[in-house]
Amino acid sequence: MTPLRGRLRPPRSLRARLTAGLLVLLGLACAAVGVVTVLALHGFLIGRVDQQLTASGGRFAASLEHEARPDSDNLPDTRGQAAGTFGARLLDGRVTQAAVVDDTSQRSVPLGPGDIHTLGAVRPDARGHSVKLSALGHYRVVAAPGDDGDVLITGLPLHPVEETVHRLEAVEAVVFGAALITAGCAAALWVRFSLRPLEQVARTATEVTRLPLATGEVAMPEPVPYADPDTEVGRVATALNRMLGHVGDALTRRHVSEKRLRAFAADASHELRTPVATIRAHTELALRHPGPVPDEVRHALGRVAAESHRMSALVDDLLLLARLDAGRPLDRQPVDLTRVVLDVVDDVHALSPGHRWELDLPEDPVSVPGDEHRLHQVVANLLANARLHTPSGTHVVVALTADTERAELTVTDDGPGIPRDLLPDIFRRFSRADTGRSRRTGSTGLGLAIVDAVTHAHGGTVTVESRPGRTRFRLLLPTGPCPAADDGAARPNFP
Ligand SMILES: Nc1ncnc2c1ncn2[C@@H]1O[C@H](COP(=O)(O)OP(=O)(O)OP(=O)(O)O)[C@@H](O)[C@H]1O
Ligand SMILES: [Mg+2]
């Protein structure tokens with residue numbers, strides 16, 4: 001059960017608050033009108049009773065001046081007195097006579113000590129006073145001094161006044177209750193209608209927050225339908241529409257420039273391939289020249305051959321990234337990942353026998369749908385890093401597991417680890433820890449960017465965790481029917 005305090009919490013939504021506020025105000029207004037009309041009617045009716053009492057001139061009480069005896073003619077004068085009229089005679093604070101008109105006759109009224117005290121306290125000022133008598137209930141009484149030092153009290157019952165006032169209260173309760181219910185429904189509808197544009201604003205703003213705004217082509221949500229700009233809600237809607245327009249324009253411009261940049265990178269890499277290949281071919285031809293070649297020239301040619309080789313690898317990497325950015329589809333053939341891992345480990349083992357390479361493969365071959373050449377490149381890049389960025393003697397474990405949904409490849413080494421400040425940007429292009437050493441080892445900082453781009457193009461993910469003594473890259477690839485390849489445009493394209 002909800003705790004009481006929780007249930008009494010004020011409503012949170014603006015709509016509920018406005019409706020509740022309107023209802024509270026209306027309720028207060030009804031209560032004020034009710035109280036004022038009841039008080040006014042009560043005052044008016046009491047005034048009328050006072051007038052009646054004054055008009056009767058205390059005749060009934062005066063006729064009580066001498067105690068009536070059953071055998072005497074000196075009976076109290078009840079003529080013209082309304083039923084319920086009360087009369088009493090007080091002498092020295094003692095009630096000598098007290099009677100009430102019952103139809104046309106009169107009967108004496110038993111008075112308790114409290115009543116005597118109440119009547120004794122009424123000032124003989126010929127003005128109305130409200131009292132309560134134990135045998136008769138509420139009365140309006142007027143006291144006036146008699147002829148022989150006594151006090152004569154005449155009273156009229158207040159129950160007709162109370163009845164009329166209670167009836168008015170009941171009518172008001174019904175009318176105000178009905179008015180509150182009707183007004184509550186009307187207010188709820190009106191508030192809902194007035195705030196509809198605001199709900200659309202909130203819906204549109206929420207849609208925008210869900211959009212992948214970082215990269216690629218973004219379809220902005222429909223603008224909020226026209227709302228009166230003279231209202232606050234209308235102004236918010238208009239401002240949001242304007243903002244959507246600006247953001248949409250900016251995103252379109254960014255997308256166009258991204259596309260141009262991608263096309264430029266692809267074209268430039270493509271155009272560079274031929275001259276670089278030509279330089280390599282001619283350098284190798286010159287190196288194979290049978291005649292005598294001076295040592296300096298041979299050394300220079302060797303450097304040109306090595307650098308053009310490096311340049312051609314760099315151009316290939318850039319071209320691959322540009323194509324993946326453009327969302328160019330990859331091959332979707334079943335790839336035996338176990339075979340790929342075995343081949344790559346074989347290669348790195350030959351290149352770096354100083355490292356301790358360990359393989360942990362499942363008994364059954366693991367197959368994933370994809371581009372074999374690119375997946376080979378991914379595994380090769382990860383193992384090349386484990387080879388090049390760790391000292392000889394480092395223990396590297398390559399483990400592969402798979403279930404019905406995905407294959408997991410981890411490459412774990414106990415080398416020095418990736419510098420902490422480099423870790424967040426490790427998959428960005430040209431991120432390297434040591435640029436000086438990079439130049440020496442020929443690394444460019446594109447290896448992990450390619451791993452990331454190719455993995456995502458296969459619908460997979462790659463993550464890294466690293467600390468001194470333990471670095472682990474974890475690659476997840478879907479083994480089932482390949483999901484639609486990640487559109488390269490949806491990923492960060494340029495560093
Ligand atoms: N296993 C690792 N241990 C330590 N540092 C690593 C490891 N793997 C990557 N790094 C760090 O991450 C950087 C980026 O790696 P990445 O493969 O992207 O580029 P690279 O190896 O420098 O050059 P490229 O692979 O393009 O030839 C490396 O320069 C290195 O500093
Ligand atoms: Mg590398």
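The values are calculated or read from the model by the stated rules, or taken from the named source; none is laboratory data. Owing to the predicted nature of the structure, the values given are computational and were not obtained by experimental measurement. FYI the Cβ positions are ideal-geometry reconstructions off the backbone, even for glycines, and counts take in every protein chain you see. Side chains are part of the model used for accessible areas, which takes the heavy atoms of the whole protein and leaves out ligands, DNA and RNA. Shrake-Rupley method; radii C 1.70, N 1.55, O 1.52, S 1.80 Å.
One residue alone among 398, 379, 368 is in a strand (DSSP E or B), within 16 Å of ligand 2 (Cβ to nearest atom) and buried (at least 22 other Cβ atoms within 10 Å of the Cβ), and that residue is 398. Taking segment 379-411 as the range and being more than 9 Å from ligand 1 (Cβ to nearest atom), within 14 Å of residue 345 (Cβ to Cβ) and under 44 Å from the mean Cα position of the chain (by Cα) as the test, the residues that pass are 379, 399, 400, 409, 410. Beta carbons closer than 6 Å, at least 6 apart along the sequence or on distinct chains, pair a first residue in segment 382-398 that is of a type in the set (Lys, Arg) with a second that is within 14 Å of ligand 2 (Cβ to nearest atom) for 387/348; 387/352. Being in the same structural domain as residue 460 (by TED's automatic domain parsing), within 16 Å of ligand 2 (Cβ to nearest atom), among the basic types (Lys, Arg) and open to solvent by 10 Å² or more (accessible area, probe 1.4 Å) narrows it down to one residue among 420, 387; which is it? Step by step, each of 420, 387 is checked, and only 387 is in the same structural domain as residue 460 (by TED's automatic domain parsing), within 16 Å of ligand 2 (Cβ to nearest atom), among the basic types (Lys, Arg) and open to solvent by 10 Å² or more (accessible area, probe 1.4 Å).
Residue 95: of a type in the set (A, V, I, L, M), within 28 Å of residue 44 (Cα to Cα) and either at pLDDT below 85 or not assigned by TED's automatic domain parsing to the domain that holds residue 48 (or both), yes or no? No.
In segment 403-417, of all residues being assigned to a loop (DSSP other than H, G, I, E, B) and open to solvent by 70 Å² or more (accessible area, probe 1.4 Å), the one that is nearest to residue 363 (Cα to Cα) corresponds to 403.
Within 30 Å of residue 469 (Cβ to Cβ) and either more than 46 Å from the chain's Cα centre (by Cα) or open to solvent by 60 Å² or more (accessible area, probe 1.4 Å) (or both): which single residue out of 336, 316, 347 fits that description? It is 347.
Let's see how each residue does on (1) open to solvent by 70 Å² or more (accessible area, probe 1.4 Å); (2) of a type in the set (Phe, Trp, Tyr); (3) touching a helix residue (DSSP H, G or I) at 6+ places or on another chain (Cβ under 6 Å); (4) modelled with pLDDT of 90 or more:
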residue	(1), (2), (3), (4)
253	yes, no, no, yes
259	yes, no, no, no
263	no, no, no, no
268	no, no, no, no
280	no, no, yes, yes
289	yes, no, no, no
303	yes, no, no, yes
324	no, no, yes, no
